[in-house]
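A quick write-up on the structure given underneath.
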Amino acid sequence: MKIDFHTHIFPGKIRDNREKYFHSEPEFTLLYDSPKSKISGAAEIVETMDEQGVDFSVVFGFPWKNPEVYKMHNDYIMEAVERYPGRLAGFGCFDVIDDGSAVEAERCIEGGLAGIGELAFYGSGIDRESIERLEPVMEICLKKNLPVLIHTNEPVGHKYPGKTSNTLKQIYSMVRRYPENIIVLAHWGGGIFFFSTLKKEVKESLENVYFDTAASPFLYDIDIYKYAKKLAGIDKILFGSDFPLIKPARYFKELENTGLSQNDIDKICGLNAKRLLEQGGRPKL
């Protein structure tokens, strides 16, 4: 079974009129101002899954600041999951700085969503306030044993839309603050697992942390897979395409050239995600 753990879908009213949301949502403008930035819906992702050999996907929206918009978007995610049973699981998404974020997290989970994410801090990085604001959402997900997926990125290298000012110290402070939560760090966690070679503390701090591969073909050489296997552990790697940014087949082709065993590839492409999703009891795959 192939499971894509990191995808974005948007309701039609946003897909058809993205410019309407630019004036009040600078982060959305940053990522989607260019006409080349693709925006897709539920039907498009299921069609692509069928074309690319993906059995199941985790879908989520965007960390909107406006409560009306993030509620509307999360409603769409719930509708998509209901519309495509056995193909999609959904995560609730919002700006955690908003005072209503914990209430929205509860609403999303009660509505059948399987976790929270992709939470992002595009403007601030994962600073002290951001880490503290996560607390009520983390408490909710901890009680339900559900994952929280958080946007991270490498703190060095070339610039691109959506690359935040987060530092490895910030990422580490966050996972240390919530050691019992299941946390998925997007985009390989900015490479923080490289510090698992330290003799003290880091391995234990990353015990409940997973790493998705979203945007990997744009960011890393394929050697990242063998390094991640050695340092993070093969069971902690989750295939995520960041659809519609990159189609899944590109990842599958890269994996064929990594030198990993078929068993390792199967874990990355689905078995790890299946275990993680079923751990929270939703959905059963």
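The values are calculated or read from the model by the stated rules, or taken from the named source; none is laboratory data. Keep in mind that what you see is a predicted model, and the values were worked out from it rather than measured. Methodologically, a virtual Cβ is constructed for each residue, glycine included, from the backbone with ideal geometry; neighbour enumeration extends over all protein chains shown.
All of 179, 161 fail the test of being modelled with pLDDT under 95, assigned to a loop (DSSP other than H, G, I, E, B) and surrounded by fewer than 14 Cβ atoms within 10 Å (Cβ to Cβ), apart from 161.
Return yes when residue 113 is closer than 23 Å to residue 202 by Cα and either in contact (Cβ under 8 Å) with a residue 12 or more places away in the chain or small (Gly, Ala, Ser) (or both) and no when it is not. Considered against the rule, which asks whether it is closer than 23 Å to residue 202 by Cα and either in contact (Cβ under 8 Å) with a residue 12 or more places away in the chain or small (Gly, Ala, Ser) (or both), residue 113 comes out as no.
Residue check: is residue 130 polar (S, T, N, Q), closer than 24 Å to residue 82 by Cβ and in contact with a Phe, Trp or Tyr (Cβ under 9 Å, 6 or more places away or on another chain)?
Numbers: polar (S, T, N, Q): yes; closer than 24 Å to residue 82 by Cβ: no; in contact with a Phe, Trp or Tyr (Cβ under 9 Å, 6 or more places away or on another chain): yes.
Spelling it out, it is not the case that residue 130 is polar (S, T, N, Q), closer than 24 Å to residue 82 by Cβ and in contact with a Phe, Trp or Tyr (Cβ under 9 Å, 6 or more places away or on another chain).
Count of the range 74-121 residues, restricted to those that are outside any helix (DSSP H, G or I) and surrounded by fewer than 16 Cβ atoms within 10 Å (Cβ to Cβ), is 6. Looking only at residues in the range 14-32 that are touching a residue at least 40 places away in the same chain (Cβ under 8 Å) and among the charged types (D, E, K, R), the one that is nearest to residue 270 (Cα to Cα) is 27.
Here residue 214 clears all of (1) over 28 Å from residue 41 (Cα atoms); (2) touching a strand residue (DSSP E or B) at 6+ places or on another chain (Cβ under 6 Å); (3) not polar (S, T, N, Q) except the condition numbered (1).
For the range 154-193, residues that are under 18 Å from the mean Cα position of the chain (by Cα), farther than 17 Å from residue 122 by Cβ and free of Cβ contacts under 8 Å to residues at least 24 places away in the same chain total 0. In a loop (DSSP other than H, G, I, E, B), touching a residue at least 12 places away in the same chain (Cβ under 8 Å) and surrounded by fewer than 20 Cβ atoms within 10 Å (Cβ to Cβ): is that true of residue 71 in this structure? The answer is no for residue 71.
How many of the residues in the range 122-153 are within 19 Å of residue 71 (Cα to Cα) and either in contact (Cβ under 8 Å) with a residue 60 or more places away in the chain or in a loop (DSSP other than H, G, I, E, B) (or both)? Adding up the residues that qualify gives 2. Restricting to the range 207-245, and then to whatever is among the hydrophobic types (A, V, I, L, M, F, W, C) and over 17 Å from the mean Cα position of the chain (by Cα), can you tell me which residue is surrounded by the most Cβ atoms within 10 Å (Cβ to Cβ)? Among residues in the range 207-245 that are among the hydrophobic types (A, V, I, L, M, F, W, C) and over 17 Å from the mean Cα position of the chain (by Cα), the one surrounded by the most Cβ atoms within 10 Å (Cβ to Cβ) is 228.
Could you list, in sequence order, all residues of the range 1-50 that are farther than 25 Å from residue 81 by Cβ and either in contact with an Asp or Glu (Cβ under 6 Å, 6 or more places away or on another chain) or not charged (D, E, K, R) (or both)? Result: 22, 23, 24, 26, 29, 30, 34, 35. Summed over the range 52-104, residues that are more than 19 Å from the chain's Cα centre (by Cα), farther than 21 Å from residue 280 by Cβ and not acidic (Asp, Glu) total 8.
Scanning the range 236-280 for residues that are in a loop (DSSP other than H, G, I, E, B), in contact (Cβ under 8 Å) with a residue 40 or more places away in the chain, closer than 20 Å to residue 185 by Cβ and not acidic (Asp, Glu) yields 239, 240, 241, 245, 280.
Among what's in the range 214-229 and is assigned to a loop (DSSP other than H, G, I, E, B) and out of contact with any Ser or Thr (no Cβ under 6 Å at 6 or more places or on another chain), pick the residue that is farthest from residue 118 (Cα to Cα). Steps first, answer last, please.
Step one: filter the range 214-229 for residues assigned to a loop (DSSP other than H, G, I, E, B), giving 214-215, 220-222.
Imposing the further condition that a residue be out of contact with any Ser or Thr (no Cβ under 6 Å at 6 or more places or on another chain) reduces the set to 214-215, 220-221.
Values: 214: 11, 215: 14, 220: 21, 221: 24 Å.
By that ranking, first place goes to 221.
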